Every structure is written in structure tokens, then in C-alpha cells.
1. Is there a residue being surrounded by fewer than 19 Cβ atoms within 10 Å (Cβ to Cβ), of a type outside the set (A, V, I, L, M) and in contact (Cβ under 8 Å) with a residue 60 or more places away in the chain anywhere in segment 291-298?
2. Condition (residue is assigned to a loop (DSSP other than H, G, I, E, B) and within 21 Å of the chain's Cα centre (by Cα)) applied to segment 165-178: is it met by at least one residue?
3. Filter segment 96-114 for residues that are on the phi < 0 side of the Ramachandran plot and touching an Asp or Glu at 6+ places or on another chain (Cβ under 9 Å) and give the result.
4. Filter segment 272-290 down to residues that are more than 13 Å from TYR333 (Cβ to Cβ) and modelled with pLDDT under 95 and give me whichever is surrounded by the most Cβ atoms within 10 Å (Cβ to Cβ).
5. Tell me, yes or no, whether segment 37-44 has at least one residue that is crowded, with 17+ Cβ neighbours inside 10 Å, in contact (Cβ under 8 Å) with a residue 24 or more places away in the chain and among the basic types (Lys, Arg).
6. Which ones in segment 193-228 are crowded, with 18+ Cβ neighbours inside 10 Å, β-branched (Val, Ile, Thr) and within 25 Å of GLY270 (Cα to Cα)?
7. I'd like to check something: does segment 214-226 contain any residue that is in contact with an Asp or Glu (Cβ under 8 Å, 6 or more places away or on another chain), among the hydroxyl-bearing types (Ser, Thr, Tyr) and under 21 Å from GLY146 (Cα atoms)?
8. Can you find a residue in segment 300-316 that is surrounded by fewer than 19 Cβ atoms within 10 Å (Cβ to Cβ), closer than 30 Å to GLY194 by Cα, touching a strand residue (DSSP E or B) at 6+ places or on another chain (Cβ under 7 Å) and free of Cβ contacts under 8 Å to residues at least 60 places away in the same chain?
Amino acid sequence: MIDNKKIVKKIDFLLKKEEISSIKRSIPQIIKEIEKSLWKKEDKEYTVNELKQISEAKGLDRAKYYLRRLKKNLTEVKNGKINDLNLNRWKQYKDIITDSLWIIDKRDNSENHNASYWGNFIPQIPNQLLRRYTKEGDWVLDPFLGSGTTLLECQRLRRNGIGVEVSAKATKLAEKNIKKGEKNNSSKVKVVEGDSSKLEFEKEIKKLGVESIQFLIMHPPYWDIIKFSSSKKDLSNTQSLDEFLELFGKVVDKTYQVLDKKRYLAVVIGDKYSNGEWIPLGFYIMQEILKRNYLLKSIIVKNFQETKGKMNQKELWHYRALVGGFYIFKHEYILLFQKK
């Protein structure tokens, strides 16, 4: 909330005026004061835009309506039930995506993120989801941690996180990445090496003094497209689609017990192509989750950038698609569920 009683007093003064021309003459000076203030950039932009809208109002009643709304937005906070967004100032969150189609041009490599680990997802995905579905201090669980992307975003956004990873190599990489972000950070994050299809999550989180978690995010292997380890416990080494879905279902069952009621589960998954057939992994996984006590809230389609394996092979894959009668993967899914 912006702490500037002087601006609020000016708004009160404008509300007493009986001529719209008088209100409009006063607004440029108020805008100058805001632009010279020590407010955050986003706060300045929001308030200035609101004042400009007032200056363009056609009638006195409409101008006063906008003034009363601006005063409320400057003096009152209306947080969402499960996030820290001030819904009185919803226009300020232009960077938070609410459409079901996500076009993200390039990966965020700031902080301690990097793309060295094959198959890790872009940091913008957990960033968007954590801001929408958690508050500062909430606990987040990622049972397919990989190189630690989710926990790095937990550190950035002051959430607490637990990540489980079956691969010893990936676990060490995640711990290394997360350690870089520990300095001057109040978030509690924990990396656990283990099999999420067998792990007793209730016991594991109790070790951290936690009874439950508030958000669950999963980015499992896209079956056997990338072999992440040689372990039979690894989903990327399952021998059939049925085995892959059965093992994934066990992870859903194990994690369900620790997620608070009415809170959210997000799954990031793509499809695969095998022996001339498109395998819709996203829809199979969606059905697997819906067998449990979850509601489907959204299906988000995100653009899929070039993988390392396809880099510099655009023409070759264009040829293969023409010959094989298929289309090249350019999307993946973010499936959003709510626990009943």
C-alpha cells in the first residue's frame, strides 16, 4: 500500500469540487508530484495512469467515481484468499498472465537460473503460478525437482519449498544452484533425494515442522523422450505408457495427502511422437489426476521453444514432417487442478 497522505488529501480536495474543469486543471500538478516522489516505479505508473483517466472523464460524476476508486486503491488493500495480490489495484499486474495461451519468447536466465540441465522448465512458469496461487511464507512441493527451478523461484518470491528428485546427479546440481540463492534470503528450501512414488511425504514435511503444503507443482519426464537416469524408479525409464501412468498416479496419490483442501496442483507436461503415432501424454495425465479427488480448473497451452536435440535442425524437421504427415511439436500444457 502506498503511504502518501498528501496525495490522498489532494484527492479529497478534488472530490469537493463542483466543476469538472477545476478537477482537470489540478491533475497535471498532482502527476508531477507523484513522478518526483520516492514511490516504486510500478506504483507511480499505476497512479499516473489512473489520474490521466480522470482527466479524460466526460462528466463530473464519472470523474468523481474514478477519484473515489483511486483513493480506495491508495488506502485499502484487498488481498486474494490464496495470494498477495492487491485486487483493488488489479490493473497493476499486467505481467501476470490470465489467458490460456502463453507465448514466452525466451527463458529467464536471471538470478541463478540456467538451461544446462536437459528438460528443465522455464522459470517463468513457476514464477507465474506461485504469484497467483501462493502467499509469502506458504509451502510449495515439487516431487520432480530436476535442477531446482521451482525452489529457486521460491527463494526469489519468499515462499518456502520442498523438492524431491530421484536422480542423485540432479539432486547435487539442485543443491548447488539453491545454495547460490541462500544469501540474504529468508525462505526455507529443502532438497530431498528420493522416489516420489514411494516417499512418505507427511513424515518428510514434519521433519521441517510443516503439517501441510499450500501448492503442488509437477514437471514429470515426458515419458522416455529424455532419459534422466538409469534408475528403474525414474519415470523416464518406464517400459510402457501404462507403466508410466501407473507410476505417475502413485506420485499423485502420495502428494494428495499433504496438499491443503481447495488448494492447487499444476502439472507441466508435453506430448510425444512414437512409431508414427502422436501420444497425447498431457491428456492421459489429465485423466489420471481426475481419477483422484481433483477438479480441472484450466488447460494452458504454452509455446515450446527449440530443444537442444533439435537446435539448428529446422529444415530437417520440416522435411521429416512433410514426409511423415505429422506436425512438429510447438506447444506443451500447464494443467491446473484444485483439490476438492
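The values are calculated or read from the model by the stated rules, or taken from the named source; none is laboratory data. Since the structure is predicted, the reported quantities are computational estimates derived from the model, not experimental observations. Because the Cβ atoms are built from the backbone with ideal geometry, glycine has one as well, and the counts that use them run over all protein chains shown.
1. yes
2. No, the conditions are met nowhere in segment 165-178.
3. Within segment 96-114, HIS113 is the sole residue that qualifies.
4. Among those that are more than 13 Å from TYR333 (Cβ to Cβ) and modelled with pLDDT under 95, it is ILE279.
5. No - not one qualifying residue is present in segment 37-44.
6. If the condition is that a residue be crowded, with 18+ Cβ neighbours inside 10 Å, β-branched (Val, Ile, Thr) and within 25 Å of GLY270 (Cα to Cα), then ILE217, ILE225 are the ones that fit.
7. Scanning segment 214-226, I find at least one residue that is in contact with an Asp or Glu (Cβ under 8 Å, 6 or more places away or on another chain), among the hydroxyl-bearing types (Ser, Thr, Tyr) and under 21 Å from GLY146 (Cα atoms), so the answer is yes.
8. yes
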